[in-house]
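Inspection log for the structure reproduced underneath, given as structure tokens.
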Amino acid sequence: MRNFVFDNKTKIIFGKDQEQVVGKEVAPYGKKLLLHYGGGSIKETGLYDKVIESLKAQGIEVFELGGVKPNPRVSLVREGVSLCKEHDIDFILSVGGGSVIDSAKAIAAGVKYDGDVWDFYTGKASISESLPTGVVLTIPAAGSESSAGTVITNEDGLYKRATGHISLRPQFAILNPELTYTLPAYQTAAGVTDMMSHIFERYFTNEQNVELTDRLSEATLRTIIHNAPVVLEEPSNYDARAEIMWAGTLAHNDLLDTGRLGDWGSHDIEHELSGIYDITHGAGLAIIFPAWMKYVYQQDVNRFAQFANRVWGVEIDLNNLEKTALAGIEKLEQFFQSIGMPTTLREANIDDKHFEEMAKKATENGPLGNFVKLHAEDVHQIYKLAQ
Ligand code: NZQ
Ligand code: ZN
């Protein structure tokens with residue numbers, strides 16, 4: 001096990017009706033708040049009114065910036081930075097999913113910086129401080145509600161890039177599983193795929209003797225695999241929604257990668273798809289992850305056989321571990337298909353036109369991943385395998 005520091009300050013407030021406490025949670029941070037949200041689902045569900053009521057009850061002045069799109073754009077972030085600077089905002093509240101939260105984090109960092117916020121995503125500048133943020137989560141997926149990362153798309157050049165800093169971890173995240181009942185099945189499934197992928201990124205490591213985090217990861221995956229079909233069948237099943245929601249946070253709050261080095265190549269390979277084709281992040285991962293696994297499994301056949309056996313119940317064939325490993329990847333593919341995700345680029349109407357360009361863009365700052373280092377040619381091969 002590697003040395004590690006586990007430092008996740010985000011206070012998790014979980015359960016029914018908990019959005020009502022949002023005003024009280026925000027109050028210690030100041031009186032001027034930016035309310036950040038997406039394309040309108042929070043107005044349709046009535047959540048917007050509840051949040052406003054709770055904030056007003058604490059005498060908090062609310063400035064608003066809605067309109068965050070999935071694969072959030074840097075242009076809206078820039079607007080948010082100006083708004084916060086102009087009105088001397090103390091706190092940013094995200095009500096929504098990963099896209100809203102990531103956009104809020106970008107604004108929070110941008111407010112404390114004199115240059116252009118995109119500099120953080122190109123590596124030209126590093127984040128050192130940011131405004132405090134909080135979250136009312138409406139979709140379990142990205143795990144951004146307690147992560148230190150933010151992923152933003154620049155319309156100019158269609159770059160989707162990530163950056164991070166510990167100051168970006170939200171102060172609190174309110175997780176009420178009831179708020180997820182209204183999710184379309186496709187978004188539920190894409191969220192499930194994303195949280196599973198966050199575990200895969202950590203699970204496939206070259207670090208030896210990491211049994212506790214292996215077992216925690218396997219348990220979290222099994223819980224997701226068990227409950228995903230239940231929530232798709234019964235969208236208002238509180239117990240199953242609750243399991244999925246908590247799993248989504250645990251998948252990405254950095255507990256599961258304590259003592260190990262994660263990979264993250266598949267996320268970078270997917271970001272090129274989202275950047276160019278504006279595909280839903282989870283759907284992109286359902287296509288890329290099985291292809292990545294087929295490309296790299298020989299790096300550690302034992303680990304892939306363990307994954308097949310412990311997560312998918314594949315019987316271990318001691319005479320042919322490779323067969324066991326491949327059977328696990330096949331089970332994963334079948335699972336993604338069963339929840340309505342695409343598993344090939346063709347299904348997402350993506351042809352090979354941009355393969356070379358995407359492979360080059362993805363690796364322009366060096367090879368991807370840690371489990372196996374991937375150069376442009378490898379990434380190109382993975383896109384081909386995903387066809
Ligand atoms: O915009 P609205 O109208 O709110 O609709 C949203 C959006 O269309 C809708 N939705 C959300 N909650 C709903 C709802 N519809 C009905 N009822 C509800 N309760 O769902 C759609 C998707 O929302 P989005 O925020 O885009 O989803 P998600 O949470 O999957 O976020 C995806 C983004 O997170 C990034 C991804 O790259 C992607 O841009 N990620 C961020 C990470 C991080 N910061 O740590 C890590 C992840 O790997 C991921 O990359
Ligand atoms: Zn993700």
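The values are calculated or read from the model by the stated rules, or taken from the named source; none is laboratory data. Being a predicted model, the structure only gives us computed values, none of them experimental. As a convention, Cβ positions derive from the backbone with ideal geometry for all residues, glycine included, and neighbour counts pool all protein chains shown. For the accessible areas, the whole protein counts, side chains as well, though only heavy atoms, and no ligand, DNA or RNA atoms are used. Shrake-Rupley method; radii C 1.70, N 1.55, O 1.52, S 1.80 Å.
To the nearest 10, the accessible area of MET1 is 130 Å² with a 1.4 Å probe. What part of the accessible area of the range 11-179, given as a whole %, is carbon or sulfur when the probe is 1.4 angstrom? After summing per-atom areas, the C and S share lands at 47 percent. Taking every C-alpha pair closer than 8 Å and separated by at least 6 residues, the mean separation divided by the residue count of the chain gives a relative contact order of 15 percent. Working note: Cα gyration tensor of the chain, eigenvalues times five, square-rooted, sorted largest first, giving semi-axes of 34, 23, 19 Å. Each residue was assigned an accessible area with a 1.4 Å probe, and for TYR238 the value is about 50 Å². When shorter helices are ignored and each DSSP H run of at least 4 residues is given -39500 (n - 2.57), the per-residue value for the chain at 222 nm works out to -14500 deg cm²/dmol.
In Å², what does the accessible area per residue of the range 164-255 work out to with a 1.4 Å probe? Intermediate results must be reported in sequence, preceding the final value.
Working: 3270 Å² over 92 residues.
In whole numbers, the range 164-255 has 36 Å² accessible per residue.
Treating r as the C-beta distance of ASN206 and GLN171 and R0 as 30 Å, the FRET efficiency rounds to 0.30. Within straight-line reach of LYS353, meaning a Cα separation under 17 Å, sit the following lysines at least 8 residues removed in sequence or on another chain: LYS361, LYS384. Counting only residues at least eight positions apart within a chain, or on another chain, the lysines with an alpha carbon under 19 Å from that of LYS32 are LYS24, LYS50, LYS56, LYS85, LYS105, LYS112.
Per-residue extension of 0.36 nm, minus the Cα-Cα distance of ASN320 and LYS43, leaves a gain of 94.2 nm for this segment. On the protein heavy atoms, probe 1.4 angstrom, tell me the percent of accessible surface of the range 211-289 carried by carbon and sulfur. After summing per-atom areas, the C and S share lands at 53 percent.
Can you give me the C-alpha center-to-center distance between the range 117-137 and the range 268-323, rounded to a whole angstrom? Cα centroid of the range 117-137 versus Cα centroid of the range 268-323: 30 Å apart. Shape class for the range 150-308: rounded, because the ratio a/c of the largest to smallest gyration tensor axis (alpha-carbon atoms, square roots of eigenvalues) is under 1.5. Approximating the spin labels as points 7 Å out from Cα along Cα→Cβ, the ASN3-to-PHE63 distance works out to 4.3 nm.
Using only Cα atoms, find the angle between the long axis of helix 265-277 and the longest principal axis of the chain, and express it within 0 to 90 degrees, rounded to the nearest 10. Here the helix axis deviates by roughly 60 degrees. Please report how far the C-alpha centroid of the range 19-54 lies from that of the range 340-387, rounded to the nearest whole angstrom. Rounded to whole Å, the Cα centres lie 39 Å apart. Nearest 10 degrees is fine. How inclined is helix 376-385 to the longest principal axis of the chain, computing both from alpha carbons? Orientation of helix 376-385: about 80 degrees from the principal axis.
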